[in-house]
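Data first, discussion second: the structure below is written as structure tokens.
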Amino acid sequence: MITFDSIRDISICQHRDGYRFSVDALLLFSFVNLQRVKEIIDLGAGSGIIGILLAKKYSESNVTLIELQESLAKLAETNITINRLQDRVKILKADVTDFLNIKEQMKKETALPCPPTKYDLVVSNPPFRKLKTGLLSCGDEKAIARHEIMLSLCELIRASTLFLKNHGRLCIIHLPERLSEITTFMREQGMEPRRLRFVHSNSYSEAKMVLIEAVKCGKPDLKVEKPFFIYNDDGSYTTEMGEIYDVS
């Protein structure tokens, strides 16, 4: 069954019992702070919410959504249409790891139509959990979206490097306990972490997520921004969280 949901100034169709976007997607969208961006790609786009929000935010941008799962890719295509963004947003059903072997892929008749090294911005809300950690979700949509079944963290960062122009940006959201691993992988691939922001449920809780921006071929110049709190102590949304939900 499909649900029809609205967030900010967009509408999103989702499977009621499949993978559904969460606050992670909104936090990542909000974290992107470039003044101007022309070419954007979302790796593991799901139903397309992050790319569609960014297309609205950057009205002169072109956005490519990459999604492996056919059910989610079809939803993303529908969401592009209902938000009237067909002229600037496209969905490509593909495995991100295929781009790691792009030379071999280009020799095939079914060569991937999306060339690397052209993007100003890569975004991704990737699977957080390694295999054999945590409980696997029921159904492929949730399991693949949350566990590194089809895409590992290292593969994601390697692919991001291929897609980005020099000095292009990668923005992701992930688990704080994997931060050391993430920054190591980034530097191994010629990406320099530039901004970090830790996300907390409230002012007395440990960080539950971390937002990371890295620059391809960038110089070491890391900025740790003030913490992001989702809830006030009384359980209501903080002003900053409320502003993310409300476009007005």
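Quick rundown of the values:
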| item | result |
| --- | --- |
| Residue ID - surrounded by the most Cβ atoms within 10 Å (Cβ to Cβ), chosen from residues in the stretch 99-118 that are modelled with pLDDT of 60 or more and assigned to a helix (DSSP H, G or I) | F99 |
| Identity of the residue in the stretch 182-205, open to solvent by 50 Å² or more (accessible area, probe 1.4 Å) and part of a helix (DSSP H, G or I), that ends up nearest to N232 (Cα to Cα) | T184 |
| Output for the stretch 50-67, where each listed residue is open to solvent by 10 Å² or more (accessible area, probe 1.4 Å), touching a Gly at 6+ places or on another chain (Cβ under 7 Å) and over 15 Å from C13 (Cβ atoms) | none |
| Odd one out for E77, checked against (1) buried (at least 18 other Cβ atoms within 10 Å of the Cβ); (2) modelled with pLDDT of 90 or more; (3) part of a loop (DSSP other than H, G, I, E, B) | (3) |
| Any hit, the stretch 88-98, residues being at positive phi and in contact with a strand residue (DSSP E or B) (Cβ under 6 Å, 6 or more places away or on another chain) | no |
| Filter pass, T161 being at pLDDT 95 or above, open to solvent by less than 50 Å² (accessible area, probe 1.4 Å) and in a helix (DSSP H, G or I) | no |
| Among the candidates N166, N232, residue that is of a type in the set (S, T, N, Q), open to solvent by 20 Å² or more (accessible area, probe 1.4 Å) and closer than 27 Å to E39 by Cα | N166 |
| Of residues in the stretch 5-36 being among the aromatic types (F, W, Y) and open to solvent by less than 40 Å² (accessible area, probe 1.4 Å), the one farthest from the chain's Cα centre (by Cα) | F31 |
| Qualifying residue in the stretch 52-64 (condition: under 16 Å from P127 (Cβ atoms) and either more than 14 Å from the chain's Cα centre (by Cα) or not in a helix (DSSP H, G or I) (or both)) | no |
| Output for the stretch 61-74, where each listed residue is of a type in the set (G, A, S) and modelled with pLDDT of 95 or more | S61 |
| Failed condition for C138, given (1) open to solvent by 80 Å² or more (accessible area, probe 1.4 Å); (2) part of a helix (DSSP H, G or I); (3) at pLDDT below 55 | (2) |
| Any hit, the stretch 37-49, residues being crowded, with 18+ Cβ neighbours inside 10 Å, part of a helix (DSSP H, G or I) and not aromatic (F, W, Y) | yes |
| Candidate set: the stretch 80-98, residues that are among the charged types (D, E, K, R) and part of a loop (DSSP other than H, G, I, E, B); chosen: the one nearest to S152 (Cα to Cα) | D95 |
| Pair list, Cβ under 6 Å, 6 or more apart: the stretch 10-22 residue of a type outside the set (A, V, I, L, M, F, W, C), other residue in a strand (DSSP E or B) | Q14/T3; R16/T3; R20/Q14 |
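The values are calculated or read from the model by the stated rules, or taken from the named source; none is laboratory data. This one's a predicted model, so the numbers in the text were calculated from it and none came from an experiment. As a convention, Cβ positions derive from the backbone with ideal geometry for all residues, glycine included, and neighbour counts pool all protein chains shown. Note: areas computed on protein heavy atoms with side chains; ligands, DNA, RNA excluded. Shrake-Rupley method; radii C 1.70, N 1.55, O 1.52, S 1.80 Å.
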